[in-house]
1. Go through 347, 335, 367 for me and flag whichever is touching a residue at least 60 places away in the same chain (Cβ under 8 Å) and in a loop (DSSP other than H, G, I, E, B).
2. How many of the residues in the stretch 25-73 are over 21 Å from the mean Cα position of the chain (by Cα) and either at pLDDT below 95 or assigned to a helix (DSSP H, G or I) (or both)?
3. Would you check if there is a residue in the stretch 95-109 being more than 16 Å from ligand 1 (Cβ to nearest atom) and closer than 27 Å to residue 151 by Cα?
4. Name the residue that is surrounded by the fewest Cβ atoms within 10 Å (Cβ to Cβ), counting only residues in the stretch 111-140 that are more than 16 Å from ligand 2 (Cβ to nearest atom) and in a loop (DSSP other than H, G, I, E, B).
5. If a residue must be within 15 Å of ligand 1 (Cβ to nearest atom) and surrounded by 17 or more Cβ atoms within 10 Å (Cβ to Cβ), how many such residues does the stretch 331-340 contain?
6. Evaluate the following for residue 105: is it crowded, with 23+ Cβ neighbours inside 10 Å, at pLDDT 95 or above, within 12 Å of ligand 2 (Cβ to nearest atom) and under 12 Å from the mean Cα position of the chain (by Cα)?
Ligand SMILES: [Zn+2]
Ligand SMILES: [Zn+2]
């Protein structure tokens, strides 16, 4: 058994207690006041930490080691979602309509546990470890962007890491990937303006529903015919609203969708390709349109050498049987904001198991964690803190 495994095992009950308290008291993005207060109070029980509030609802704990070394940033996100929990355990959400359905309660407990393990043995730590409990991951423009651009958090940071629990991986599994890992979640909002009329006389109207249907199918040609198959692009129209009844052609149709890719260049090109299709179809049928296109979080591209170090850490700490190279995902993450300022890598820890009934997808009202994953997460971040702070040869 590694020393880190032993330390994490001795924290088992505490990790679960932190997670369950947070799970019972979820708060939405930018409103994490009680959550931040709780985190701050728990950190202040740990001697040797300097604890501050970089923004109203985020918390930073800094541990300075005794020897020279690098400065490492560890990140956990702390916000919850507007979901009504359908779990029935005794620690289910007490805040109506709000739920930790993404595992950020677990991330917070894991980073608190990491802080505890590090402060119990500060003599092991060279350099400096910064632990950021970040607000508002779930709601753009996101807390990371605010911390990176509005505070001095990243000044002097040499390397950054953090993790996301993943219910689709077996509990205790660590998954790391170099390079492109998560996509940019960009958003489009389209209003097609036609001309309303009687359903019996479409020739006198400009039917925005028929035009919208063509736009939707033609947008898939952008994916399949204007972008190489090796360059992943997803265009999904997830909202299409128009009309009131069976025999009235409405004036307008409203569509919303998401556009995702890993490639920064393709990301810049996508709005033009998409608008060309919209404009062409609207022109062809005499309609006009309004298009709003919003860039969300950047694609999350892991730095190769940091991912390699995390792989080595995982192999030494959890062993080959609990390690895998992760697949990239079209999901988005504002962790990418930190990677604009420093090298780093984001990784997954599995939290799914049949015993804990924790294989529900993220953002589902039944989402929960196999709490054994808390120990795995804390072991990984603790080892990452010790290894990544070591001075470079
Ligand atoms: Zn989420
Ligand atoms: Zn999340």
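The values are calculated or read from the model by the stated rules, or taken from the named source; none is laboratory data. Owing to the predicted nature of the structure, the values given are computational and were not obtained by experimental measurement. Positions of Cβ are backbone-derived with ideal geometry, glycine not excepted, and every protein chain shown enters the neighbour counts.
1. On the way: 347 fails: in a loop (DSSP other than H, G, I, E, B); 335 fails: in a loop (DSSP other than H, G, I, E, B).
Result: 367 is the single residue among 347, 335, 367 that is touching a residue at least 60 places away in the same chain (Cβ under 8 Å) and in a loop (DSSP other than H, G, I, E, B).
2. 12
3. Yes; the residues of the stretch 95-109 include at least one that is more than 16 Å from ligand 1 (Cβ to nearest atom) and closer than 27 Å to residue 151 by Cα.
4. The first filter runs over the stretch 111-140 and keeps only residues more than 16 Å from ligand 2 (Cβ to nearest atom), leaving 112-131.
Remaining after also requiring in a loop (DSSP other than H, G, I, E, B): 121, 125.
Values: 121: 12, 125: 23.
The qualifying residue surrounded by the fewest Cβ atoms within 10 Å (Cβ to Cβ) is 121.
5. Our first condition is that a residue be within 15 Å of ligand 1 (Cβ to nearest atom); within the stretch 331-340, this holds for 331-336.
Checking which are surrounded by 17 or more Cβ atoms within 10 Å (Cβ to Cβ) leaves us with 332-336.
Adding up the residues that qualify gives 5.
6. Working: crowded, with 23+ Cβ neighbours inside 10 Å: yes; at pLDDT 95 or above: yes; within 12 Å of ligand 2 (Cβ to nearest atom): yes; under 12 Å from the mean Cα position of the chain (by Cα): no.
Criteria not met by residue 105.
Residues are listed down the side, and each one gets a yes or a no for (1) over 20 Å from residue 347 (Cα atoms); (2) touching a strand residue (DSSP E or B) at 6+ places or on another chain (Cβ under 6 Å); (3) touching a residue at least 24 places away in the same chain (Cβ under 8 Å):
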site: 250; (1), (2), (3): yes, yes, yes
site: 254; (1), (2), (3): yes, yes, yes
site: 259; (1), (2), (3): yes, yes, yes
site: 265; (1), (2), (3): yes, no, no
site: 272; (1), (2), (3): yes, no, no
site: 285; (1), (2), (3): yes, no, yes
site: 311; (1), (2), (3): no, yes, yes
site: 314; (1), (2), (3): no, yes, yes
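Conditions (1) more than 16 Å from ligand 2 (Cβ to nearest atom); (2) assigned to a loop (DSSP other than H, G, I, E, B); (3) at pLDDT 95 or above, marked per residue:
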position: 313; (1), (2), (3): yes, no, yes
position: 339; (1), (2), (3): yes, no, yes
position: 356; (1), (2), (3): yes, yes, yes
position: 374; (1), (2), (3): no, no, yes
